[in-house]
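First the structure, in the form of structure tokens, and then the observations on it.
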Amino acid sequence: MDTQVLTTFLFLSVVALTIGITFWASRQTKTAADFYSGGRSFSGFQNGLAIGGDYMSAASFLGISGAIALYGYDGFLYSIGFLVAWLVALLLVAEMLRNAGRYTMADQLAFRMNQRPVRTAASVSTVVVSIFYLLAQMVGAGSLVALLLGVDSEALKNLTIVGVGALMIFYVVVGGMKGTTYVQIVKAVLLMIGSAVIVVLVLAEFSFNLSDLLGAAAENSGKGEAFLQPGLQYGASLTSKIDFLSLGLALVLGTAGLPHILIRFYTVPTARDARKSVLWAIGLIGAFYLMTLVLGFGAAALLDRSQVDPLEGGNQNLASPLLAEAVGGGEGSTGGAVLLALIAAVAFATILAVVAGLTLASSSSVAHDLYKGVIKKDSAVSENDEVRVARIAAFVIGAVAIALSIPAQRLNIAFLVALAFAVAASANLPAIIYNMFWRRFNTRGATWSIYGGLIAAVGLVFFSPVVSGLPTSLFPDSDWSIFPLNNPGIISIPIGFLLGYLGTVTSKDPAAEDRFTELEVRALTGAGAEQAVHH
Amino acid sequence: MTDQEQAARHHPIYDRLHATPEFAELRRRYRGFVFPATIAFLSWYLLYVILSSWATDFMSTQLWGHINVALVFGLLQFVTTFGLAWMYARFSAAKLDPLARQLEAEYREGGDL
């Protein structure tokens, strides 16, 4: 069969399947609780799968394997950081957030603080983090489709980005949280199966001997044993070593501050189900990141260096699909074509599920926090009105993400996602942790930590080599990079925590302290928490 | 700041529950597990990141075949993450959930909301 016909067919199948799910889910979406939280009626296991589907993004599937294929061991840090981060969510955040909030990240702050400023701050930060994250996914989608159709044309990539944007707006506007969740569950299953098939085929090439696989990767990389040792990407200088530490911090502290992950905890009936869903997610995500190790080193061992190295005209974000083609029999073979098409379709499903989750998180926050909580706070807002605003917001955010992704095409997508993690860890995590554990914490502390962390993280990225000064930068021809690190976490995360502390101790807010009593009882026992909706 | 801006004063049942010895015990047990556990896993993770940058010779020691210390340490991070998640699941089901259920039942009986 003609490869392109097969590929197109599989892509369209993924799209048709997800559209079908969305229409089916839309018939069950009646109230605001349905739209924002799927009626809180998913089981722990279903939500665990959906969390996996929301979290294992194109950055994980395409970006990590690309980073390992290119830089060897240093790329593995992503896998480890992305997984260990779940312990923060499990131990400190998931259950208490489920009990204290309703629909958005801001709810648990607004629980005891001055509504208007904290909802505005949390909403701004939700939208910024989600847009950073969306960029990464859409850049992945553009490269993927260009590879499959065999044309490296800018126009085609841009068209793909617009198409993905239109689909994600559709999922959210029509299906709400219920549609998005089912799309994520289906994607998680497809991704696990697809990755497992490639992993088995790669290991089979080396008689299931991991050491032989690593040896072949080291040899084929041209770097020798150094390829298997830390330091190839980050070991050159003190600055790059600190950059590595900064990345490590952002990864481990970012997850529990990602708005699209946090709102998933609201989709289950109780805090115990939220815990169960995180436990399932840790199992699933852990297994997946172990597989990325084989995918990355497999790509290093079996692909030609010029296929993945951007300096030689390759594309590091395509290591996984190209590896699928190689283990299926190589370029031109039927097996290779089938596997390439399958894995590309899985990657496409991955991207669609994640962008839907991100769009949902940010449009929910705009409608529930900004529109209902701030703009219309003195008048009653009907549920229909609120959901209508959420749908409009999904359009606008989708359009902004499309416009910004077009110039970001050359960046590694795992790296772009790491920036989203740094912003989440700096702006959101300090406020969430302080709010749950510190009675004294108050409105000024919350707004200072959110805005301070956000401005520090985004500002440092703007003045970093990511944006200007290097051939790989967003603006390679100019140079205003006065901050040497690629990842701002090591500076911006402490700034977020410090400003939260300073804002709190310089103001008095007895009402917020008083309401902490209720927050604490509710968070730990579930007394008075939002209930599941039964239809 | 106006009164409407701030969330309303809560129901007195929360003060009563907050003052019970059961609640104090629930909070003590919860914090007694998660605070040390968080410090432990974050330190272990940061140790790994720092060794990867500043002890590359040690991390590059080959153990068998092409498997080196860095890879084994990385895989151990997976093992400790799975292990701690499992320990927390057991701990919370045995030590936290019964107390939380009891307090939540008291809330349902006493708080006419």
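Read-outs throughout are calculated quantities, based only on the coordinates presented, and are distinct from any laboratory measurement. Since the structure is predicted, the reported quantities are computational estimates derived from the model, not experimental observations. In this analysis, Cβ positions are derived from the backbone assuming ideal geometry, glycine residues included, and neighbour counts consider all displayed protein chains.
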Setting aside same-chain residues fewer than 8 positions from A:LYS376, which aspartates and glutamates have a Cα under 19 Å from its Cα?
A:ASP107, A:ASP385, A:GLU386, B:ASP3, B:GLU5
Report the gain in length on full extension from A:ASP477 to A:LEU502: 0.36 nm times residue separation, minus Cα-Cα distance, nm rounded to one decimal.
5.0 nm
Length gained if A:LEU404 through A:ALA196 is fully extended, taking 0.36 nm per residue and subtracting the Cα-Cα distance, is 71.5 nm
Which one, A:SER237, A:SER60, A:LEU339, is farthest towards the positive end of the dipole of chain A when Lys and Arg carry +1 and Asp and Glu -1 on their Cβ?
A:SER60
Dipole of chain A, positive end: most advanced residue of A:PHE462, A:SER306, A:ALA390 [Cβ charges, Cα centre]:
A:ALA390
Mind checking the mean number of beta-carbon atoms from other chains within 10 Å of the Cβ atoms in B:55-61?
3
Based on Cβ point charges of +1 for Lys and Arg and -1 for Asp and Glu, what charge dipole magnitude is obtained for the stretch A:39-409 about its Cα centre, in debye rounded to the nearest 20?
1680
Length released on extending from A:SER211 to A:PHE462, taking residue separation times 0.36 nm less the Cα-Cα span
86.2 nm
Under 8 Å for C-alpha pairs, at least 6 residues apart: give me the relative contact order for the stretch A:288-414, rounded to a whole percent.
15
Of A:ALA121, A:SER277, B:PRO98, which is farthest along the charge dipole of the protein assembly as shown in the positive direction, counting Lys and Arg as +1 and Asp and Glu as -1 at C-beta?
B:PRO98
Inter-label distance, nm, simple model (7 Å from Cα along the C-beta direction), B:ILE67/A:SER333
2.9
Cβ crowding within 10 Å averaged over residues, with A:168-175, B:18-25, A:220-227 ranked highest first
A:168-175, A:220-227, B:18-25
With labels modelled as points extended 7 Å from the Cα through the Cβ direction, what inter-label distance (nm, one decimal) is found for B:LEU47 paired with B:MET87?
1.3
Mean Kyte-Doolittle of at least -1.0 plus a Cα span of 27 Å or more along the axis: flag which DSSP H helices in chain B meet both, please.
B:21-54, B:69-91
Please tell me which of these pairs span more than 28 angstrom C-alpha to C-alpha: A:LYS276/A:LYS372; A:LYS30/A:LYS157; A:LYS178/A:LYS372; A:LYS508/B:LYS95; A:LYS377/A:LYS508; A:LYS178/A:LYS276?
A:LYS276/A:LYS372; A:LYS30/A:LYS157; A:LYS508/B:LYS95
Reachable aspartates and glutamates, given that their alpha-carbon falls under 15 Å from the alpha-carbon of A:LYS223 and they are not under 8 places away in the same chain:
A:ASP74, A:ASP304, A:ASP309
A:ASP514 and A:GLU383 label points (each 7 Å along its Cα→Cβ direction) are spaced in nm at 3.2
Report the net charge of residues surrounding A:PHE206, where surrounding means a beta-carbon distance below 15 angstrom and charges are Lys +1, Arg +1, Asp -1, Glu -1.
-3
Peptide-level mean, for A:523-533, of C-beta atoms on other protein chains within 10 Å:
6
Within 10 Å of each Cβ in B:33-43, how many Cβ atoms from other chains are there, averaged over the peptide?
3
Order A:440-451, B:56-67, A:481-492 from most to least packed using the mean count of other Cβ atoms within 10 Å.
A:440-451, A:481-492, B:56-67
Just to confirm my numbers, what's the Cα centroid distance between the stretch A:411-463 and the stretch A:497-535 in Å?
19
Treating only Lys and Arg (+1) and Asp and Glu (-1) as charged, each at its beta carbon, one finds that the protein assembly as shown has a dipole about its Cα centre, in Debye to the nearest 20, of 1700
When N counts the residues of chain A, how does its alpha-carbon radius of gyration compare numerically with 2.2 N^0.38 Å, as a ratio?
0.93
Given +1 on the Cβ of Lys and Arg, -1 on the Cβ of Asp and Glu, and no further charges, what dipole in debye does the stretch B:12-110 carry about its Cα centre, rounded to the nearest 20?
100
